[in-house]
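Right, one structure below, let's go through it.
The values are calculated or read from the model by the stated rules, or taken from the named source; none is laboratory data. On a predicted model such as this, the values are computed, not experimentally measured, just so you know. In this analysis, Cβ positions are derived from the backbone assuming ideal geometry, glycine residues included, and neighbour counts consider all displayed protein chains.
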Amino acid sequence: MKIPFNKPYMTGRELHYIAEAHARGQLAGDGEFTKRCHRWLEESTGCTKALLTHSCTAALEMAAILGNIGEGDEVIMPSYTFVSTANAFVLRGATPVFVDIREDTLNIDENLIEAAITPRTRAIVVVHYAGVACEMDTIMDIARHRDLLVIEDAAQAIMCTYKGRPLGSIGDIATLSFHETKNVIAGEGGALLINRPELVERAEIIREKGTNRSQFFRGQVDKYTWVDIGSSFLPSEMVAAFLWAQLEDAGSITEKRLKIWETYHQAFAGWEKAGDLRRPQAPTHCQHGAHMYYLLLKNLEDRTNLIHHLDESGINAVFHYVPLHSSPMGRRFDRTQTKLEITESYSERLVRLPLWVGLEAHQEGVINEVGAFLKKPSLY
Ligand SMILES: *Cc1c(COP(=O)(O)O)cnc(C)c1O
């Protein structure tokens, strides 16, 4: 019996809605299902405007254009993140400035942001790692004082909150992912969430190849033409129909994942107490959505050995990001002033365990194998 790291969850209505979209005969984007998804995202997050995109990567690229990020600008972000967080801004000619992460949440350390700001800084991109919120009050304060844009990379943070406020609704702009490895999926998919009304019109234009097509269809302009830079960022109705089936169940998907997360968390409490490993930590004012469960081992060797041990038992556990500042592309920029000690240490010690709806039946096996590994006397 093999236990994969991820297994996409289907609600059972995906094909039904795709058939409905097919029957309607509108296959391009911005039809009935896209509208439903937009409304759902706006109501559940409280953002001003939601726009579906074909990925979170695409939404980040839109955010960079919308934020007028250009040549010579600097954008502050963690190094411990997915490449798209940085790539979207590099594509516009900007330089990512990497800041270290906090030991508890592995999120950008808000206390290190001020020191990284220069006259060229234009934006702060925060990543809510594992759906645990960054310290948004402090970050928004810094940004308001320095007139910087805040972009929330909320790829892992659907249905998560900070002090009761939905993630994606706090920064100026936010991005979501519906990639099949995330909690709510569409195969490939994403969304741009906008919280500043004055950015909405331009966002629609950028998403529609730089044209005013959306305004034209609403009857607000009488010609449909090229008015700005842009690209094709919108998904087809097939993707939106699939996503709609998932959004309808987003609450119950999150609940199911949280139960699995809690089972891991309780099972590993004893080993944490004994000093064998460290479990995820989240401030009480941050409600996560069980996007991932990870363990922090003592060092790289232990982490490598645990992944190997689990693999031999048919369990697929994985490490996570290679810090961007140490990647071949990241090293070219080298604008990071300080050593990113927590990033470097934690990225070597972190292992992600399988977490998917349906894992319940096999979870005890995963926990037992971690136990079998820890009990090896050579580790003590
Ligand atoms: C998954 C992920 C992305 C990219 O999402 P896509 O939809 O695959 O483009 C970006 N940032 C973070 C933090 C992610 O976890």
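Checking L15, L51, L27 one by one, the residue that is of a type outside the set (V, I, T), over 21 Å from the mean Cα position of the chain (by Cα) and outside any loop (DSSP other than H, G, I, E, B) is L15 and no other.
Only one entry in A240, A290 is in contact (Cβ under 8 Å) with a residue 24 or more places away in the chain, within 22 Å of the chain's Cα centre (by Cα), surrounded by 16 or more Cβ atoms within 10 Å (Cβ to Cβ) and more than 22 Å from P4 (Cα to Cα), namely A240.
Take L41 and tell me if it is away from the ligand (no atom under 13 Å from the Cβ), under 20 Å from E180 (Cα atoms) and of a type outside the set (K, R).
It is true that L41 is away from the ligand (no atom under 13 Å from the Cβ), under 20 Å from E180 (Cα atoms) and of a type outside the set (K, R).
Within the range 209-226, being in a loop (DSSP other than H, G, I, E, B), among the small types (G, A, S) and surrounded by 15 or more Cβ atoms within 10 Å (Cβ to Cβ) holds for one residue alone: G210.
Figure legend. Inter-residue proximity from the range 136-151: first residues of a type in the set (S, T, N, Q), second residues assigned to a helix (DSSP H, G or I), beta-carbon distance below 6 Å, spacing 6+ or different chains. Indicated pairs: T138/E110.
For the subset of the range 29-86 comprising residues that are of a type in the set (D, E, K, R), surrounded by fewer than 23 Cβ atoms within 10 Å (Cβ to Cβ) and in contact with a helix residue (DSSP H, G or I) (Cβ under 7 Å, 6 or more places away or on another chain), which member is nearest to S236 (Cα to Cα)? That would be E32.
Mind listing whichever residues of the range 218-231 are free of Cβ contacts under 8 Å to residues at least 40 places away in the same chain and either farther than 15 Å from G67 by Cβ or under 27 Å from the mean Cα position of the chain (by Cα) (or both)? Scanning the range 218-231 gives R218, G219, Q220, V221, D222, K223, Y224, T225, W226, V227.
Answer yes if at least one residue in the range 106-117 is within 16 Å of the ligand (Cβ to nearest atom), at pLDDT 95 or above and in a loop (DSSP other than H, G, I, E, B), and no otherwise. Within the range 106-117 (the criterion being within 16 Å of the ligand (Cβ to nearest atom), at pLDDT 95 or above and in a loop (DSSP other than H, G, I, E, B)), the answer is yes, since at least one residue qualifies.
Output the number of residues of the range 185-208 satisfying the condition of being small (G, A, S) and not in a loop (DSSP other than H, G, I, E, B). Final tally of qualifying residues: 3.
Considering only residues that are assigned to a helix (DSSP H, G or I) and buried (at least 18 other Cβ atoms within 10 Å of the Cβ), look in the range 128-139 and name the one that is nearest to the ligand (Cβ to nearest atom). Among them, the one singled out is Y129. Restricting attention to the range 1-21 and to residues that are within 14 Å of A240 (Cα to Cα) and in contact (Cβ under 8 Å) with a residue 12 or more places away in the chain, the residue that is surrounded by the fewest Cβ atoms within 10 Å (Cβ to Cβ) turns out to be H16. Here L379, L300, L306 are screened, and the one residue that is within 16 Å of D276 (Cα to Cα), surrounded by fewer than 21 Cβ atoms within 10 Å (Cβ to Cβ), modelled with pLDDT of 95 or more and of a type in the set (A, V, I, L, M) is L300. Go through the range 75-97 and give me each residue that's of a type in the set (D, E, K, R) and near the ligand (Cβ under 10 Å from one of its atoms). Matches in the range 75-97: none. Cβ-Cβ contacts under 8 Å between residues 6 or more apart (or on different chains), taken from a first residue in the range 297-326 that is aromatic (F, W, Y) to a second residue that is crowded, with 16+ Cβ neighbours inside 10 Å and part of a strand (DSSP E or B), are listed as F319/L350; F319/V351; F319/R352.
In the range 140-184, the residue that is farthest from L355 (Cα to Cα) out of those that are touching a strand residue (DSSP E or B) at 6+ places or on another chain (Cβ under 9 Å), within 10 Å of the ligand (Cβ to nearest atom) and not in a strand (DSSP E or B) is A154.
Among all positions in the range 192-208, there is at least one residue which is in contact (Cβ under 8 Å) with a residue 24 or more places away in the chain, under 19 Å from the mean Cα position of the chain (by Cα) and within 16 Å of the ligand (Cβ to nearest atom).
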